[in-house]
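S.K.: Let me give you the structure first, and then I'll get to my questions.
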Amino acid sequence: MFRNQYDTDVTTWSPTGRLFQVEYAMEAVKQGSAAIGLRSRSHVVLACVNKAQSELSSHQRKIFKVDDHIGVAIAGLTADGRVLSRYMRSESINHSFSYESPLPVGRLVVRLADKAQVCTQRSWKRPYGVGLLVGGLDESGAHLYYNCPSGNYFEYQAFAIGSRSQAAKTYLERRFEGFKESSREDLIKDAILAIRETLQGETLKSSLCTVSVLGVGEPFHFLDQETIQNVIDTFEKVPEQDEEAGEGEAEVAAGAAPAEQGGSGDQDVAPMEM
């Protein structure tokens, strides 16, 4: 089996300036189940696909609470995600204890990125094989960040990571301009619709997704399955109503056709000679 001589450890550069171990970690993010985040001026919604290893097993958690004002959704190696979420929780608690104020979201994201970046400089460590969508609210407003295994981080209005996330990104790109002014309910609906885009023809049910929300005056919490199903039902009924309306219009048109044909036939009759 062919082996690349430049991927033996994370500190070895290839002649083209690439770190293959870091790229492998970023590829692990693409193999994980999809996670989606979007924000408005006052709220942040995180959603993910519940993917079980088999029909006999339960799914693993992909969204974690960090603090009342911060949550994180992951895609990739769940074990790495749990380690990093505990680190974030510890940093938030220490800051609250020391300064008696919530930890700003941006500051936590920078610390998380620094921790991930160290793993790209030590030959005895490996990069974390997980991507994190960090959503939070602080004095400067609502924020959504993506932390990459390479140590980079980016702020987004809406973003999707994980398996088949490109379909969700396409949906979000069509609608992101209105997210800033969206209501809480509209954000939740758009998050669930984006999740549906990643299912590749599979019927969307509340058991297939997890949704969390935080906002002004609303601490981080998960939506229950009944609430999620009610949202799904609202936009699943719309296509059915459109189909029924289309069938009704077709029946009316079919009934009107003979009358129109009869009228046109009378016009074709030649006038009687006097």
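The values are calculated or read from the model by the stated rules, or taken from the named source; none is laboratory data. Just so it is clear, the structure is predicted and the values come from calculations on it, not from any experiment. As a convention, Cβ positions derive from the backbone with ideal geometry for all residues, glycine included, and neighbour counts pool all protein chains shown.
S.K.: Can you tell me which of R86, R107, R82 is surrounded by fewer than 18 Cβ atoms within 10 Å (Cβ to Cβ), free of Cβ contacts under 8 Å to residues at least 60 places away in the same chain, touching a helix residue (DSSP H, G or I) at 6+ places or on another chain (Cβ under 9 Å) and not small (G, A, S)?
M.R.: Values: R86 fails: touching a helix residue (DSSP H, G or I) at 6+ places or on another chain (Cβ under 9 Å); R82 fails: touching a helix residue (DSSP H, G or I) at 6+ places or on another chain (Cβ under 9 Å).
Of the residues listed, the single one that is surrounded by fewer than 18 Cβ atoms within 10 Å (Cβ to Cβ), free of Cβ contacts under 8 Å to residues at least 60 places away in the same chain, touching a helix residue (DSSP H, G or I) at 6+ places or on another chain (Cβ under 9 Å) and not small (G, A, S) is R107.
S.K.: Any idea how many residues of the stretch 178-200 are without any contact (Cβ under 8 Å) to a residue 40 or more places away in the chain and touching a strand residue (DSSP E or B) at 6+ places or on another chain (Cβ under 6 Å)?
M.R.: 0
S.K.: Condition (residue is touching a strand residue (DSSP E or B) at 6+ places or on another chain (Cβ under 9 Å), outside any strand (DSSP E or B) and at negative phi) applied to the stretch 46-55: is it met by at least one residue? Walk me through how you get there before you give the answer.
M.R.: Filtering the stretch 46-55 down to residues touching a strand residue (DSSP E or B) at 6+ places or on another chain (Cβ under 9 Å) leaves 46-50.
Narrowing the set further to residues that are outside any strand (DSSP E or B) leaves 50.
Adding the requirement that they be at negative phi leaves 50.
Within the stretch 46-55 (the criterion being touching a strand residue (DSSP E or B) at 6+ places or on another chain (Cβ under 9 Å), outside any strand (DSSP E or B) and at negative phi), the answer is yes, since at least one residue qualifies.
S.K.: From the list V72, V49, which residue is buried (at least 21 other Cβ atoms within 10 Å of the Cβ), over 15 Å from P149 (Cβ atoms) and of a type in the set (V, I, T)? Give the steps one after another, and end with the answer.
M.R.: Values: V72 fails: over 15 Å from P149 (Cβ atoms).
The unique qualifying residue is V49.
S.K.: Could you check the stretch 191-215 and list, in sequence order, the residues that are buried (at least 21 other Cβ atoms within 10 Å of the Cβ) and farther than 27 Å from Q53 by Cα?
M.R.: L214 - this is the single residue of the stretch 191-215 that is buried (at least 21 other Cβ atoms within 10 Å of the Cβ) and farther than 27 Å from Q53 by Cα.
S.K.: I'd like the full set of residues that are buried (at least 20 other Cβ atoms within 10 Å of the Cβ) and assigned to a loop (DSSP other than H, G, I, E, B), limited to the stretch 181-190.
M.R.: Quick first cut of the stretch 181-190, residues buried (at least 20 other Cβ atoms within 10 Å of the Cβ) only: 182, 187-188, 190.
Result: S182, single match.
S.K.: Going by the structure shown, is G32 under 21 Å from the mean Cα position of the chain (by Cα) and not acidic (D, E)? Quick ask: steps written out before the conclusion?
M.R.: Working: under 21 Å from the mean Cα position of the chain (by Cα): yes; not acidic (D, E): yes.
Taking the combined requirement at face value, the residue satisfies it.
S.K.: Please tell me if S42 is buried (at least 20 other Cβ atoms within 10 Å of the Cβ), among the polar types (S, T, N, Q) and in contact with a strand residue (DSSP E or B) (Cβ under 6 Å, 6 or more places away or on another chain). Working first, answer last.
M.R.: Details: buried (at least 20 other Cβ atoms within 10 Å of the Cβ): no; among the polar types (S, T, N, Q): yes; in contact with a strand residue (DSSP E or B) (Cβ under 6 Å, 6 or more places away or on another chain): yes.
So S42 does not fit the description; no.
S.K.: Run down G32, G37, G76 and say which single residue is at positive phi and not hydroxyl-bearing (S, T, Y). Steps first, please.
M.R.: Values: G32 fails: at positive phi; G37 fails: at positive phi.
From the options G32, G37, G76, the qualifying one is G76.
S.K.: Name the single residue, out of those in the stretch 118-150 being surrounded by 17 or more Cβ atoms within 10 Å (Cβ to Cβ) and of a type in the set (S, T, N, Q), that is modelled with the lowest pLDDT.
M.R.: Our first condition is that a residue be surrounded by 17 or more Cβ atoms within 10 Å (Cβ to Cβ); within the stretch 118-150, this holds for 119-120, 126-138, 142-150.
From what is left, the residues that are of a type in the set (S, T, N, Q) are 120, 147, 150.
Working: T120: 91, N147: 98, S150: 95.
Result: T120.
S.K.: Another question about this same structure. Within the stretch 52-69, restricting attention to residues that are hydrophobic (A, V, I, L, M, F, W, C) and in contact (Cβ under 8 Å) with a residue 40 or more places away in the chain, which residue is surrounded by the most Cβ atoms within 10 Å (Cβ to Cβ)? Explain how you work it out, then say what you get.
M.R.: Here is the first cut: in the stretch 52-69, the residues hydrophobic (A, V, I, L, M, F, W, C) are 52, 56, 63-64, 66.
With in contact (Cβ under 8 Å) with a residue 40 or more places away in the chain added as a condition, the list becomes 63, 66.
Values: I63: 22, V66: 24.
Within the stretch 52-69, the match that is surrounded by the most Cβ atoms within 10 Å (Cβ to Cβ) is V66.
S.K.: Does the stretch 156-166 include one or more residues that are more than 14 Å from the chain's Cα centre (by Cα), surrounded by 17 or more Cβ atoms within 10 Å (Cβ to Cβ) and in contact (Cβ under 8 Å) with a residue 24 or more places away in the chain? First the steps, then the outcome.
M.R.: Taking the stretch 156-166 first, the residues more than 14 Å from the chain's Cα centre (by Cα) are none.
No, the conditions are met nowhere in the stretch 156-166.
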